[in-house]
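Here is the structure we will look at.
The values are calculated or read from the model by the stated rules, or taken from the named source; none is laboratory data. The structure displayed is predicted, hence computed values, not measured ones. With ideal geometry, Cβ positions are generated from the backbone for all residues, glycine too; neighbour counts draw on all protein chains shown.
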Amino acid sequence: MALSPGETAEGLSPTFLELLRAEPLKELTVLDVGTGTGPLALALGPLCHAIVGVDRDARAIAEARKRAAAAGLANVRFVVGDVEVEEYAPFKPEMVVAHLCVSDAIAERAGRVLRPGGVFAFVAFHTDQWKETGRPSRFAYGEAGVRRLLRRCGFAIEHLEVEREVATFESVEQALAAAVALREQWKADGRWFRYVKFLEEGGRTLTRARLVVKARKA
């Protein structure tokens, strides 16, 4: 699918980046959990005192390191690790961020490591993401669920919004073409056949929806 008008080349929400830039990043050590190939860490690197990206995918981390070196970002480093299992204290973060890698375990670890005033900010899949497939992602959150989670982890929400884009198609063929990059993944988890059924029954939409959240440790 094409990027929405408000997305960066790597799919980062401008609203999310603006929320992060409002913090005194030059004074902060930031932990980017589930960093992947490092798009968020690399975007924040020039603005931060230091940033550490962690991901369990060693190949993604190797690519992120290459990208940081090519960009000359000496204050950005990448580490292989499981952000849902390992504690964050060794990284000494003053802010924890996550882009499309959010879970209860991550929020709990952020809550344990951050001191009062520390920020946990993230973009998560909303429960409406790909709702036409009839199967929400196990990583998706609704507004009420994320509010309960953050309250339980000791955070006060400062910003919560849903960024939603609903693509509308004129034909079944056009709709299938728009989702072709997702076909193999969706076939593996059963979504593709449900989406085809939705289209055969007259549906002509495909929804992208993400939660953008900024919370502060109470």
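Go through the range 159-197 and count every residue that is in a helix (DSSP H, G or I) and either in contact with a strand residue (DSSP E or B) (Cβ under 7 Å, 6 or more places away or on another chain) or aromatic (Phe, Trp, Tyr) (or both). Show your work before the answer.
Step one: list which residues in the range 159-197 are in a helix (DSSP H, G or I), which gives 172-178, 180-189, 191-197.
From the residues that got through so far, the ones that are either in contact with a strand residue (DSSP E or B) (Cβ under 7 Å, 6 or more places away or on another chain) or aromatic (Phe, Trp, Tyr) (or both) too are 175, 178, 186, 192-193, 195.
Going through the range 159-197 one residue at a time, the tally reaches 6.
Residue check: is Leu25 surrounded by 15 or more Cβ atoms within 10 Å (Cβ to Cβ), at pLDDT 95 or above and closer than 19 Å to Leu114 by Cα? Spell out how you get there, then give the answer.
Numbers: surrounded by 15 or more Cβ atoms within 10 Å (Cβ to Cβ): yes; at pLDDT 95 or above: yes; closer than 19 Å to Leu114 by Cα: yes.
Answer is yes for this residue.
In the range 51-71, how many residues are surrounded by fewer than 19 Cβ atoms within 10 Å (Cβ to Cβ) and farther than 15 Å from Cys101 by Cα?
Narrowing the range 51-71 to residues surrounded by fewer than 19 Cβ atoms within 10 Å (Cβ to Cβ): 56-60, 62-63, 65-67, 69-71.
Within this subset, residues satisfying the condition of being farther than 15 Å from Cys101 by Cα are 58-59, 62-63, 65-67, 69-71.
Count: 10.
I want to confirm something. Restricting to the range 147-201 and keeping residues that are of a type in the set (Ser, Thr, Tyr) and surrounded by fewer than 17 Cβ atoms within 10 Å (Cβ to Cβ), which single residue is nearest to Arg109 (Cα to Cα)?
Taking the range 147-201 and keeping what is of a type in the set (Ser, Thr, Tyr), we get 168, 171, 195.
Those still in the list that are surrounded by fewer than 17 Cβ atoms within 10 Å (Cβ to Cβ) too: 168, 171.
Numbers: Thr168: 39, Ser171: 46 Å.
The selected residue is Thr168.
Restricting to the range 87-105, give me the number of residues that are surrounded by fewer than 22 Cβ atoms within 10 Å (Cβ to Cβ) and aliphatic (A, V, I, L, M).
Number of matching residues: 3.
With the condition being without any contact (Cβ under 8 Å) to a residue 12 or more places away in the chain, I'd like the helices (runs of 4 or more DSSP H) fully within the range 39-150 carrying at least 2 qualifying residues. First the steps, then the outcome.
On the way: elements: 39-44, 58-71, 104-113.
Ranges flagged: 58-71.
What is the number of the single condition among (1) over 17 Å from the mean Cα position of the chain (by Cα); (2) surrounded by fewer than 20 Cβ atoms within 10 Å (Cβ to Cβ) that Glu84 does not meet?
(1)
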